[in-house]
Amino acid sequence: MTQRALPSPYDYLDHRRYLADWFRAKKEANPNFSHRVFARRAEQKNPSLLHHVIEGRRNLTERTLESFVKALSLRAGEAQFFRLLVELDQAKTPEARNDVWERISATRRFREARRIERSSFEY
């Protein structure tokens with residue numbers, strides 16, 4: 001049986017959807033993986049925090065965001081992109097949202113350009 005790769009935050013524009021898919025992939029790979037295990041990895045006391053964030057009942061604070069990044073084992077670029085997704089969702093004004101969107105768009109364009117370069121190289 002082949003293990004399914006964990007989703008990449010770069011493939012998402014909604015951090016909650018990314019978290020739901022990430023958790024689902026972890027659970028499929030290891031049926032013993034649970035919200036409680038995630039909470040331990042994130043050094044959080046509340047084992048239902050991940051579930052509440054996914055459901056939109058809770059937002060990530062600066063502190064919980066960093067603990068989630070740690071628990072997700074994201075590389076530096078992935079972590080920064082995940083932070084941008086959270087910032088986009090929690091932006092208070094249209095101006096702030098547009099600013100974050102510009103930073104996300106630039107990152108996505110860069111990644112797509114890199115993919116094209118890799119395809120050209122392989123060809």
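The values are calculated or read from the model by the stated rules, or taken from the named source; none is laboratory data. All values reported here derive from a predicted model rather than from experimental measurement. Positions of Cβ are backbone-derived with ideal geometry, glycine not excepted, and every protein chain shown enters the neighbour counts. Side chains are part of the model used for accessible areas, which takes the heavy atoms of the whole protein and leaves out ligands, DNA and RNA. Shrake-Rupley method; radii C 1.70, N 1.55, O 1.52, S 1.80 Å.
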Notebook entry, point to check: How about segment 28-73: which GluC sites (Glu not before Pro) there are in a DSSP loop, with at most 13 other Cβ atoms within 10 Å of their Cβ?
Noted result: Glu43
Check: Tell me, in nm to one decimal, what length is gained between Gln90 and Ala25 on full extension, where the rule is 0.36 nm per residue of separation less the Cα-Cα distance?
Finding: 20.9 nm
Checklist line | Residue-by-residue Karplus 3J(HN,Hα) for segment 57-62, coefficients 6.51, -1.76, 1.60, Hz, glycine and proline x | finding: 7, 9, 9, 7, 8, 4
Check: Given R₀ = 22 Å, FRET efficiency for Arg103-Leu6 by Cβ-Cβ distance, to 0.05?
Finding: 0.40
Next item on the list: Compare Thr64, Thr107 by solvent-accessible area with a 1.4 Å probe and give them largest first, with all protein chains kept in place.
Entry: Thr107, Thr64
Next item on the list: Using a 1.4 angstrom probe on the protein heavy atoms only, line up Tyr12, Tyr18 by accessible area, largest first.
Entry: Tyr12, Tyr18
Check: At a probe size of 1.4 Å, how large is the accessible area of Asp11, to the nearest 10 Å²?
Finding: 100
